[in-house]
Each structure stands twice: as C-alpha cells, then as structure tokens.
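Student: There's a structure below that I have some questions on.
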Amino acid sequence: MKKSEFIEALSEIKTNNTKSYLVHVSIIDLGIFDDLRIEDMNKFLFTSLVKIFGKNSTFSTMTPFYEYADKKKEFDLKRSLPSKEIGSFSKFIFNKKNSHRSKNPLFNICSIGPLAKKITKSSKYSDFETRSSWDNLFRLNTEMIFIGCDLSKCTFIRYIEHKFKVPYLIKKTFNIKIRSNNRVIGLQSSSTLRNLNLKIIYDTTKFQKSLKKKGFLNISSNKNFNLMSLKMKPAFKVGIDSLRKDTLFFLNKKVSKI
C-alpha cells in the first residue's frame, strides 16, 4: 500500500457541506505502508484529513481517561493522557497545542479547528446530556470517519442508546475531582455505562447493513483500506427507529443475557 492510494481512497468517502468530523482510527488494522514509517503514521493521517476535507474543517477524536473510573484517579483536561486502549492517534490530537478537550473523563472529546471550542466548551460534566460535547457534535451533524475500523468502534451508538434509554445501561456518578492544569473545576461527573450485572455483547453488523442499504454509509471501493464515513443525524434516526422495533438491536441476542 502507498500513501497516494490512501489519499485517493479517503477522497472517495468525502461528502459536501460538512465542517465537523469525528475520527475513529485503528492503525493496527489499517496496515503497513510501503512508503511510510510507522512513527510518521499519525502525522500523515492528520495531514491527509486536512488535505481532503479542508483546513477550515474541525476534527475531533475520543480522548478518554479510563483510570478515572478504573483506578479512581482525578482527571485533568490538560495533563491526563488519553488511555492507551484508545490508540495513538487520539494522543497525537491531544498533544497538539491548539486542541481543546471536553470535561467528561470517560467520554471526552478532543477537537482541533474553528469549531473546537464550540464543540468542547460546555458546563456539563455528564457524557451525553443536552449541550454536552457529544450533543454539540450531533447538532452540527458531524460526519464520523472510520479509518481501519468499522461501526464496532462507533461510540456514537452509546449516545443513541442514552437518548432512547435502553434497559441494559445505567447512569453512574463518580465523586472524583476534575481539574484543568491542576486547578479544580469540578467535583463529580456522570457517565452512561454497561450494567455489569447483565451479560452484554455488542453486534453492530445489523446497524451497518441497514445504513449501507439506505445509502447513508459511504465506503471506499479500495479493498486495501477499511475507510467509511457516516453523518450523525441519519445514523441517529436509523438507530432510534431500529430500537423502537427491537430494544436489543445493537446487541448479539444469542449470547447477551438481559
């Protein structure tokens, strides 16, 4: 695979009149480039996004700090590195000096571009409530870009589930401080999490097939790259309509026990 092939494939999934993008990246699954060192991958991906989607676009990515819940560590917007599980591209965006980060520790968004402050600035310490960073992304009809991954990595599904109030998720409050450059800005947060008393296994293949059938999911024709794009508002409508018919739509019902 070559860089030029990737840029051409990326241009295939571009749609018009979009200013806000949420990027999901799996470098491991993307594969190796013949003409690109692995240590330069994140920089190449970001410059490619700017080149194809425009330098006036705003790019966001998830930068969660899972240690907040797992190890009861305080979350600092400026100092707490994104958890390793989320991948190195998130750390790359976080480390850019003109990026902005939202306040919820477990589902926070890091954005860079003209709309970055609008997306991340919120009085909310909750994850998906009205005027949260995720709600701001939704109101902008943000386009989700999947690089090297599919809808199994689509955290926006949790936003849809939260709005529908699915029975297998719970709202949990954490009484752990939130800081910004070591200054306390909040004393607690809340997040929509799996109910650990239930056995929940996700399966997003039905969702992906439905979106593709309706023409909402843009997929690159280059089989060397797993590249897709999808706007939030049509994804939300399909998700909500599907949950109305089947509350367990996003789950593998053969193995899940609700």
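Student: Considering only residues of the stretch 72-111 that are in a helix (DSSP H, G or I) and of a type in the set (Lys, Arg), which is surrounded by the most Cβ atoms within 10 Å (Cβ to Cβ)?
Tutor: LYS91
Student: Does LEU243 satisfy the condition of being in a loop (DSSP other than H, G, I, E, B), out of contact with any strand residue (DSSP E or B) (no Cβ under 7 Å at 6 or more places or on another chain), open to solvent by less than 80 Å² (accessible area, probe 1.4 Å) and over 30 Å from ILE7 (Cβ atoms)?
Tutor: The answer is no for LEU243.
Student: Next question. Based on this model, can you work out whether THR61 counts as touching a Ser or Thr at 6+ places or on another chain (Cβ under 7 Å) and at pLDDT below 95? Don't jump to the end; show me each part of the working.
Tutor: Values: touching a Ser or Thr at 6+ places or on another chain (Cβ under 7 Å): yes; at pLDDT below 95: no.
So THR61 does not fit the description; no.
Student: For the stretch 176-212: of the residues being in a helix (DSSP H, G or I) and either of a type in the set (D, E, K, R) or more than 30 Å from LEU230 (Cα to Cα) (or both), which is most open to solvent (accessible area, probe 1.4 Å)?
Tutor: Taking the stretch 176-212 first, the residues in a helix (DSSP H, G or I) are 205-212.
Adding the requirement that they be either of a type in the set (D, E, K, R) or more than 30 Å from LEU230 (Cα to Cα) (or both) leaves 206, 209, 212.
Details: LYS206: 77, LYS209: 147, LYS212: 128 Å².
Per the stated criteria, the residue is LYS209.
Student: Another question, if that's okay. Please work out if LYS223 is over 24 Å from ILE112 (Cα atoms), open to solvent by 30 Å² or more (accessible area, probe 1.4 Å) and either within 13 Å of the chain's Cα centre (by Cα) or in contact (Cβ under 8 Å) with a residue 12 or more places away in the chain (or both).
Tutor: no
Student: Cβ-Cβ below 6 Å, separation at least six or inter-chain, first residue in the stretch 124-145 and within 30 Å of PHE6 (Cβ to Cβ), second part of a loop (DSSP other than H, G, I, E, B): which pairs?
Tutor: Filtered contacts from the stretch 124-145: SER133/SER102; SER133/SER122; TRP134/PHE128; GLU143/THR18.
The values are calculated or read from the model by the stated rules, or taken from the named source; none is laboratory data. These numbers come from a predicted model, not from an experiment. As a convention, Cβ positions derive from the backbone with ideal geometry for all residues, glycine included, and neighbour counts pool all protein chains shown. Just the protein is used for accessible areas: all its heavy atoms, side chains included, with ligands, DNA and RNA removed. Shrake-Rupley method; radii C 1.70, N 1.55, O 1.52, S 1.80 Å.
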